[in-house]
Every structure is written in C-alpha cells, then in structure tokens.
C-alpha cells in the first residue's frame, strides 16, 4: 500500500476519533429536564440544569430526569376514628426538585423506584393520618377537610425526598358494605320521621282551620242576631228569605203579601192558585 494511502487512513481515523470524542464531551439538557453527571460510576454533586454542559468523554454518563409535572394515581386504605374501613384512590400531581436530582439519583435511582418506594407508601401513611382524625361519616361529609389534612401530611413527607406536591384529588372514596347499609337505614328512618312531622303539622293546621271556621261562623251569627234585634232588623230578615227563595230555584209569586211585622218573615202565596184552593174547601 502506498505511504500516502496509509497516511490518509490514519488521518481519517484520527478525525473520526476526535469527532466522536468531541460529540461525547458535551451534553444538552432541554427545558423541563435536569441531569446528573456520573464519572466512573460516581454521581457528581452539582446537577446539570437546562443548557449545554461539558462531560469527560468515554468515562462519564449523564442520567436525565423529567422535572415537569407528573401525575400518578395511588390507592390507599385506612381505618377511621370509629374503626370503620375506608378506601380511597388519590391522583397526585407532583414534580421533582431539579436542584436535588443528585439526591434522587443516589437514594432512589429512577423515577419508577421513587414512585414505588416513596410516593405510594407515603400516600398510604398520609391517608391513615387524615382518616384517623374523623369518623367514617365525617370523612364523607367533610371531604374537603379530609383532603386538606391529607395534603398537609403528604406534602411534608415527600418534601424530604425532593418531591414537590402540587395538587391532589380524591378520585374515589369508598366505605364498607355494613356502613353503607347503616347509612341507608338511617336515611329511611329520617325520611319516616320527617313524614310523621309533616302529617302531624298538617293535622294541626286542619284542626286550627276548623276552629277558625267555627269561630267565624259564631261571630257571623252573633252579628246577624244583633242586626235583627236592632231597628229595621225585620227588613234584613225579609231580604234574606227572598234571596234564599231565589237561590232555591222556586218560581216567584205573582202576589206578595206581608204578614205580621212582628213575625219578621214575609208570607208569600200565588194568587193563581187561590180559586182552586177555594173549590177544594167547598167540596
């Protein structure tokens, strides 16, 4: 092989080697990421934040962590203050502290290990703390307070592991079948009691209405009696009699003769029937 050709091969090899070394001497950390530089397997103290960073070629590695918002759904179970079983499922939004990824690398290794070995157990413990402060009925009726206690306990616990809790939500909250049956029976009893109260109130109102009607009728009769006793009362009585006759649908008489004024009631008869009545008396 000519010497010139051999030199060309050597030169090309050196250029390729330099290029490979050059490319492996830098790492780019994108926004939303943080890296941990390890040289010969030992994690360095300073995290690599977004940007371009130098790393020793061939003898170093960079572990990149996603430090954007993560979401995991974690189940939990606990006993309440009244020793009832309560199960829940929490959706936890969190992110890793980018300035502490070296700590995560050294203690947990990967994000999957962090979730399985830290976040899930601490969620369980935090739920136990929150549930033990109230009865199962209070846990259901005071759901926002239960969540508040849970958030406080979980945030304090995960902060120690470089995990920042942003938000949590109770996806599901369940209790035992025995308690569900007790709640149903209680609701039925309350509805029956409310119905009984309503019936009693309705009866009382009807009775009061009858009393009011009786009092009103008595008062009307008293006023009528006073009117009849007063001067001109006979005319009122006659007017009432005529009105009652009309309302009864009877035919108006052709002749109206007023009787004894002291009687107070008009005497009414039909003149057309007088001859017929006289004839019957003659027979």
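The values are calculated or read from the model by the stated rules, or taken from the named source; none is laboratory data. None of the values given here were measured: they were computed from a predicted structure. Positions of Cβ are generated from backbone atoms using ideal geometry, with glycine treated the same way; all protein chains shown enter the neighbour counts.
A few comments on the model shown:
- Of all residues making up the range 71-113, the number that are farther than 24 Å from residue 132 by Cβ and either outside any strand (DSSP E or B) or at pLDDT 95 or above (or both): 20
- Selection from the range 135-150 of residues that are touching a helix residue (DSSP H, G or I) at 6+ places or on another chain (Cβ under 9 Å) and buried (at least 16 other Cβ atoms within 10 Å of the Cβ): 136, 137, 138, 139, 140, 146, 147, 149, 150
Residue-by-condition table, conditions (1) outside the structural domain of residue 108 (by TED's automatic domain parsing); (2) within 60 Å of the chain's Cα centre (by Cα); (3) modelled with pLDDT under 95; (4) assigned to a strand (DSSP E or B):
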{"position": "8", "(1), (2), (3), (4)": "yes, no, yes, no"}
{"position": "11", "(1), (2), (3), (4)": "yes, no, yes, no"}
{"position": "16", "(1), (2), (3), (4)": "yes, no, yes, no"}
{"position": "22", "(1), (2), (3), (4)": "yes, no, yes, no"}
{"position": "28", "(1), (2), (3), (4)": "yes, yes, yes, yes"}
{"position": "35", "(1), (2), (3), (4)": "yes, yes, no, yes"}
{"position": "47", "(1), (2), (3), (4)": "yes, yes, no, yes"}
{"position": "58", "(1), (2), (3), (4)": "yes, yes, yes, no"}
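- Test: residue in the range 127-134 that is within 28 Å of residue 66 (Cα to Cα) and either at pLDDT 90 or above or surrounded by 12 or more Cβ atoms within 10 Å (Cβ to Cβ) (or both): yes
- Of all residues in the range 33-69, those satisfying the criterion of being touching a helix residue (DSSP H, G or I) at 6+ places or on another chain (Cβ under 9 Å) and over 17 Å from residue 103 (Cβ atoms) are 50, 57, 58.
- Test for residue 79: is it out of contact with any helix residue (DSSP H, G or I) (no Cβ under 9 Å at 6 or more places or on another chain) and assigned by TED's automatic domain parsing to the domain that holds residue 156: no
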